[in-house]
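All remarks here apply to the structure that follows.
The values are calculated or read from the model by the stated rules, or taken from the named source; none is laboratory data. Remember, it's a predicted structure, so these values are computed and weren't measured experimentally. So basically every Cβ, Gly included, is an ideal-geometry build from the backbone, and we count neighbours across all protein chains shown. Accessible surface areas use protein heavy atoms only, side chains included; no ligands, DNA or RNA. Shrake-Rupley method; radii C 1.70, N 1.55, O 1.52, S 1.80 Å.
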Amino acid sequence: MTDIAVTADVYPRRWWAFSVLALAVLIVVLDHMVLNVALPTLQRQMGATISELQWIVDAYSLAFAALLLTMGALGDRLGQTTMLRLGMFTFGAASMGAVFSRSAGHLIAARAFMGIGAAMIMPATLATISSIFPIEERGKALGAWGAMNGLGVALGPFLGGLLLAHFDWSAVFFINVPVVIVALVAGYFLIPKSSHLVMRHFDLPGVLLSSLSLFLLIFGIIKWNDCGWSHPLVYGALALSVVAGFFFILRERKTEAPMLDIGLFSNPELSSGSGSIAIMAFAMFGVLFGLTLYLQFVKRYSPMETGVRFLPLAIGYALGSLSSNRNTQRWGKKYVVTAGFMAMAIQSTFMAFWEVDTPFWCIGSCVFLLGFSLGNIMAPALGCVLIAVPAKRAGVGSALGNISFQVGGALGVAFLGAVLNSVYQTRVESFLSTTTLPAQVVSSAMESIGKAVITADGLALETRQQLSLAANSAFMEGWRVMLLSVSAIGITGICIVKKFMPVRHY
């Protein structure tokens, strides 16, 4: 990284620098999604328990979300280029550690360190965009950044399936290493040194309280999805998160050098922008969760085939993000984000009425349009967050946008997944109560659509058809309720944006 600190309007290689940032964003987001298709292989080859498989997935998310604000604040103090380089090195080293893991415990630890690296990388990428791009180009850069997010989310299952079809499970981690090396070398020459540094006292109590609050919040949401909201571990973690959050706010209000200026949230751009990101992520990750189940267990596609069928969503999201800047310059952020939520609500209503035999041309068209609408929400909303924060605190502002995305996504999977499964269980019990299937078969089918499919595969033809018909019908009723809920969430987003988001054309 060059030693010359430059301002946004004079740095000539900003788009070359962005290519490095795009690589960093892509591998961070990919590692959220790529591992899911490898879990059955890990269970067979490593002998991992269900609990260990959950922690292999969750360790990354917990470390990532819990440390976002801390790493954003550290980046403001140490320099975003320094934080980006440290994050890439940590992520690459942890990926190599995952490659050579020979037990579930070692892999969990490696995934946690990958999450720490990701928490360093993501705020630094956004803060660097904010510093090297002039304001008239920033919307275009944020749109491209959002496109990389969308591509990572949708390409994860496809890439995981492709690698597992030809290589060992460790390939899903090893692929990160050459990308990190390329990004580190290219970044040294292309990304300028940070020009805004915060030199004041480091708020260690604020760091500890914020990290604890976010960790407990994400942990509680994850366990809510696994155990239900009434489990003591769930409401205990959420209650302690609120307590830690309360003391964090109290600390930040009283200290002379807060890590996070609580007064920033009185800015309607910050509050409406972060709220829009959270609502968008809530809907997107909830739909992704349900869509994965629909494609694999109702349509009976393989993991590889499922990954391919996520590509329309990725393309739609990328095109929506890239077009959002032009739309914003013409109509303003408020109207673009409102239109995005309106399109999301309409498209979700159409998707609610899919059937078991809905052809893929219809499915692909719907998810493409949904992705396009989501892309037109994310980039302008993120622009609102960044513009509301002073340049020297760009790391904290970037972290707030990412936290909104992570918390919204985790809540979406937990809440919408619970809605889907609750309706499924109620309806499949009703359907099967009139059959002569054994009680053990009915009990297994009521756990989930996946369990019903696995159980049905071991039955005689007539019984298998009877169970499959009941399970598919029950799932589609749950799908319908879940997608109509997403539509209602889109209408909520419209109301929030129209009331609080200012009109801006940049």
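Just one of the listed residues (SER323, SER272) is assigned to a helix (DSSP H, G or I), polar (S, T, N, Q) and within 29 Å of ASP76 (Cα to Cα), namely SER272. Contact annotation: residue pairs with Cβ atoms under 7 Å, 6 or more positions apart or on different chains, pairing a residue in the stretch 58-77 that is part of a helix (DSSP H, G or I) with a partner that is among the acidic types (Asp, Glu), are TYR60/ASP31. Mind checking which pairs have a first residue in the stretch 467-484 that is more than 20 Å from VAL287 (Cβ to Cβ) and a second that is assigned to a helix (DSSP H, G or I) and polar (S, T, N, Q), Cβ under 7 Å, 6 or more apart or different chains? Correct list of pairs: LEU467/THR455. On inspection, SER230 qualifies as surrounded by fewer than 17 Cβ atoms within 10 Å (Cβ to Cβ), more than 23 Å from GLY395 (Cα to Cα), more than 20 Å from the chain's Cα centre (by Cα) and free of Cβ contacts under 8 Å to residues at least 24 places away in the same chain.
The residue of the stretch 233-270 that is least open to solvent (accessible area, probe 1.4 Å), among those that are within 30 Å of ALA388 (Cβ to Cβ) and of a type in the set (Ser, Thr, Tyr), is SER241. Do we find that GLY395 is in a helix (DSSP H, G or I), out of contact with any His (no Cβ under 6 Å at 6 or more places or on another chain) and either open to solvent by 10 Å² or more (accessible area, probe 1.4 Å) or modelled with pLDDT of 85 or more (or both) in this structure? The answer is no for GLY395. Residue count for the stretch 81-101 under the criterion of being farther than 12 Å from GLY115 by Cβ, surrounded by 24 or more Cβ atoms within 10 Å (Cβ to Cβ) and out of contact with any Pro (no Cβ under 8 Å at 6 or more places or on another chain): the result is 2. One residue is enough: does the stretch 335-344 have a residue meeting the conditions β-branched (Val, Ile, Thr), open to solvent by 10 Å² or more (accessible area, probe 1.4 Å) and either under 27 Å from ILE449 (Cα atoms) or free of Cβ contacts under 8 Å to residues at least 12 places away in the same chain (or both)? Checking the stretch 335-344: not a single residue is β-branched (Val, Ile, Thr), open to solvent by 10 Å² or more (accessible area, probe 1.4 Å) and either under 27 Å from ILE449 (Cα atoms) or free of Cβ contacts under 8 Å to residues at least 12 places away in the same chain (or both). No other residue among VAL428, VAL423 is out of contact with any Ser or Thr (no Cβ under 9 Å at 6 or more places or on another chain) and of a type in the set (A, V, I, L, M, F, W, C) apart from VAL423. Scanning the stretch 275-320 for residues that are among the small types (Gly, Ala, Ser) and out of contact with any Leu (no Cβ under 6 Å at 6 or more places or on another chain) yields GLY275, SER276, ALA278, ALA281, ALA283, SER302, GLY307, GLY316, GLY320.
Within the stretch 30-57, if we keep just the residues that are assigned to a helix (DSSP H, G or I) and open to solvent by less than 10 Å² (accessible area, probe 1.4 Å), the residue that is nearest to ALA165 (Cα to Cα) turns out to be ALA38. Within the stretch 293-309, if we keep just the residues that are buried (at least 19 other Cβ atoms within 10 Å of the Cβ) and among the polar types (S, T, N, Q), the residue that is farthest from GLN465 (Cα to Cα) turns out to be THR306.
Being out of contact with any Phe, Trp or Tyr (no Cβ under 8 Å at 6 or more places or on another chain) and modelled with pLDDT of 85 or more is the filter here, so list the residues in the stretch 187-204 that pass it.
GLY187, TYR188, PHE189, ILE191
Is it the case that some residue within the stretch 227-237 is part of a helix (DSSP H, G or I) and among the polar types (S, T, N, Q)? No. Take PHE174 and tell me if it is in contact with a helix residue (DSSP H, G or I) (Cβ under 8 Å, 6 or more places away or on another chain), of a type in the set (Phe, Trp, Tyr) and surrounded by fewer than 19 Cβ atoms within 10 Å (Cβ to Cβ). When the stated conditions are applied, PHE174 passes them. The number of residues in the stretch 422-449 that are closer than 11 Å to ALA471 by Cα and outside any helix (DSSP H, G or I) comes to 1. Look at the stretch 135-159: where a residue is surrounded by 22 or more Cβ atoms within 10 Å (Cβ to Cβ) and a partner is not in a helix (DSSP H, G or I), sitting 6+ places away or on another chain with Cβ atoms under 7 Å, you get GLY139/TYR506; ALA141/PHE133; ALA154/PHE310; GLY156/VAL34; PRO157/PHE310; PHE158/PHE310. The set of residues from the stretch 45-77 being over 17 Å from the mean Cα position of the chain (by Cα) and among the small types (Gly, Ala, Ser) comprises GLY47, ALA48, SER51, GLY72, ALA73, GLY75.
Of the set (1) outside any helix (DSSP H, G or I); (2) more than 18 Å from LEU400 (Cβ to Cβ), all apply to MET284 but (1). If we scan the stretch 364-382, do we find a residue that is modelled with pLDDT under 85, on the phi < 0 side of the Ramachandran plot, outside any loop (DSSP other than H, G, I, E, B) and among the aliphatic types (A, V, I, L, M)? Scanning the stretch 364-382, I find no residue that is modelled with pLDDT under 85, on the phi < 0 side of the Ramachandran plot, outside any loop (DSSP other than H, G, I, E, B) and among the aliphatic types (A, V, I, L, M), so the answer is no. Residues considered: PHE372, PHE368, PHE405. Of these, the only one that is surrounded by fewer than 24 Cβ atoms within 10 Å (Cβ to Cβ) and in contact with a helix residue (DSSP H, G or I) (Cβ under 7 Å, 6 or more places away or on another chain) is PHE368.
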